[in-house]
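Q: Please read through the structure below; I'll follow up with questions.
Throughout, read-outs are computed from the coordinates displayed, never taken from laboratory work. Because the structure is predicted, anything quoted here is derived from the model rather than measured. Backbone-built Cβ (ideal geometry, glycine too); neighbour counts: all protein chains shown.
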Amino acid sequence: MSSRAPVLLVAGSFWLLPGAGASWAQQGPALQAHSVVVSGRPWFAGAGLGASLGLTLRTAVGLTASFGVEERRAAARAEVLASFYLSAPGAVRVNPYLAGGAALTWSGVADRQYMVLAVGVERRLGGRVRGFLEAGVGGGWRAAAGLRAAP
C-alpha cells in the first residue's frame, strides 16, 4: 500500500525536533496520541489516543484506541501492550523498549484478534513530552509513531 509511507513520514517527523535532557521516568501515568499502520491482509491505517501506566522505572502497561480505515472501510483497533524499557530512565537519550500484547480490530466485515510484538524507541522532546517509534508484527507488519505526555 503506497499511502502508508506519508502517514509514517508525518507521524515520525517529530524525531527531527531537538531533544531536551535525557532524564525522564516512565513511572506513573501518561497519555498518548499516535498513528498506526498494519500492512497485513487486511491492512489497517489509523490514528488515536491511549493511556499507559508505568509500573516501575522499566515497565509499563498501556491501552490504545485507533480509528481509521481497513481495506477501504471504516474500522477501529484497540491494543493492550506491556512494555519493558532496556535502559533505566536518564541513562540514555533514546530509550529502546520491547512490547507485547493483544489487538482487536472491528470493521463492517469482521472482527479480528491478533497478538502484537514490537520493538520501539522513546525520546524526550521537552518537559514531560516523549516521542516514540515502534516496529513489529500484529496482524501483519505493524508500525506506530506518536507522542506521550505525563499529565
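Q: Starting with the fewest neighbours, write out Glu134, Glu71 ranked by other beta-carbon atoms found within 10 Å of each beta-carbon.
A: Glu71, Glu134
Q: Right, something else. Ala51 to Phe84: FRET efficiency via 1/(1 + (r/R0)^6), r the Cβ-Cβ distance, R0 25 Å, to the nearest 0.05?
A: After rounding, the FRET efficiency stands at 0.85.
Q: While we're on this one: Report, in debye and to the nearest 20, how large the dipole of the stretch 67-151 comes out about its Cα centre when Lys and Arg carry +1 and Asp and Glu carry -1 on their Cβ.
A: 340 debye
Q: Around Thr59, which amide H atoms from residues at least 5 apart in sequence, or from another chain, sit under 5 Å from its own amide H, with H modelled in the peptide plane?
A: Tyr85
Q: Also: If the chain between Arg72 and Leu31 were fully stretched, how many nm would it gain, using 0.36 nm times the residue separation less the Cα-Cα distance?
A: 11.9 nm
Q: Quick one: length gained pulling Val119 to Ala135 fully straight, 0.36 nm per residue minus the C-alpha distance?
A: Result: 5.2 nm gained on full extension.
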